[in-house]
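Enquirer: Structure provided below as structure tokens; questions to follow.
The values are calculated or read from the model by the stated rules, or taken from the named source; none is laboratory data. Since the structure is predicted, the reported quantities are computational estimates derived from the model, not experimental observations. Note that we place each Cβ from the backbone using ideal geometry, even for glycine, and neighbour counts take in every protein chain shown.
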Amino acid sequence: MSDHRENPWRAVATRPVYDNPWIRVRQDEVIRPDGLPGIYGVVEFKNRAVGVLPVEDDGSIWLVGQHRYPLDAYSWEMPEGGCPPEESPDEAVLRELKEETGMTCDRLELVARCHLSNSVSDEEAFIYRASGLTHGPSDPEGTERLEVRRVPWAEAWRMLKDGEITDAMSVVAILHEAVRRLEG
């Protein structure tokens, strides 16, 4: 009987397909778990993903809205960004919070780590909750045209249930917040 935790895949060869400052794409020739030859495309991220759910004392949350190029759609989500290797996730998420919303916080809590699309990429995300918020001017990057919005908890929950919030990191953060509220 084999151990199901052993890697059943065997890489035979690998070749780079694409490389830019943010991602690398490679194609591997593999022997699949069923013993047959195959190929596997992998997106390797050069940065980690970070996101933060800013929560006010009254339970409302802050979301940012922006048009997401890959989806060609408008997206409501928590403040998010990339964390280069030389920066800690804590530092990066505080930077993103300030850039995108102008906020700083007294309390920052890591609520989850996850892989966002582990069937095709190695992207790792660090998801935080921020409270004790102080408001100031934002300074978004040139690639961002953001709408910052305070959302009552009931509306945020409705947006999630109705599919208005689909960003994976934001879904995870809001679900963590819901559990936190249930546990009191």
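Enquirer: If you go through the stretch 70-108 one residue at a time, how many are more than 12 Å from Tyr128 (Cβ to Cβ), in a loop (DSSP other than H, G, I, E, B) and of a type in the set (A, V, I, L, M, F, W, C)?
Expert: Residues that pass the stated criteria total 2.
Enquirer: Sticking with this structure for a sec: Give the number of residues within the stretch 81-115 that are farther than 20 Å from Pro152 by Cα, acidic (Asp, Glu) and in contact (Cβ under 8 Å) with a residue 40 or more places away in the chain.
Expert: Matching residues across the stretch 81-115 total 2.
Enquirer: Right, next: Among the listed residues Arg149, Arg129, Arg113, identify the single one that is within 17 Å of the chain's Cα centre (by Cα), closer than 22 Å to Asp57 by Cβ, in the same structural domain as Leu53 (by TED's automatic domain parsing) and not β-branched (Val, Ile, Thr).
Expert: On the way: Arg149 fails: within 17 Å of the chain's Cα centre (by Cα); Arg113 fails: closer than 22 Å to Asp57 by Cβ.
One residue alone meets the criteria, Arg129.
Enquirer: Name, by its number, the condition in (1) within 21 Å of Glu177 (Cα to Cα); (2) not β-branched (Val, Ile, Thr); (3) not in a strand (DSSP E or B) that does not hold for Asp139.
Expert: Every condition holds for Asp139 apart from (1).
Enquirer: Can you tell me which residues in the stretch 152-177 are within 17 Å of the chain's Cα centre (by Cα) and among the aliphatic types (A, V, I, L, M)?
Expert: Scanning the stretch 152-177 gives Leu160, Ile165, Ala168, Met169, Val171, Val172, Ala173, Ile174, Leu175.
Enquirer: Hey, another quick one. Considering only the stretch 1-17, state which residues are exposed (fewer than 11 other Cβ atoms within 10 Å of the Cβ) and either outside the structural domain of Gly41 (by TED's automatic domain parsing) or not basic (Lys, Arg) (or both).
Expert: Once the filter is applied, which keeps residues that are exposed (fewer than 11 other Cβ atoms within 10 Å of the Cβ) and either outside the structural domain of Gly41 (by TED's automatic domain parsing) or not basic (Lys, Arg) (or both), the stretch 1-17 yields Met1, Ser2, Asp3, His4, Arg5, Glu6, Asn7, Ala13, Pro16.
Residues are listed down the side, and each one gets a yes or a no for (1) loosely packed, with under 15 Cβ neighbours inside 10 Å; (2) over 30 Å from His135 (Cα atoms):
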{"residue": "Arg24", "(1), (2)": "no, yes"}
{"residue": "Val30", "(1), (2)": "no, yes"}
{"residue": "Pro33", "(1), (2)": "yes, yes"}
{"residue": "Ile39", "(1), (2)": "yes, yes"}
{"residue": "Asn47", "(1), (2)": "no, no"}
{"residue": "Val52", "(1), (2)": "no, no"}
{"residue": "Gly59", "(1), (2)": "yes, no"}
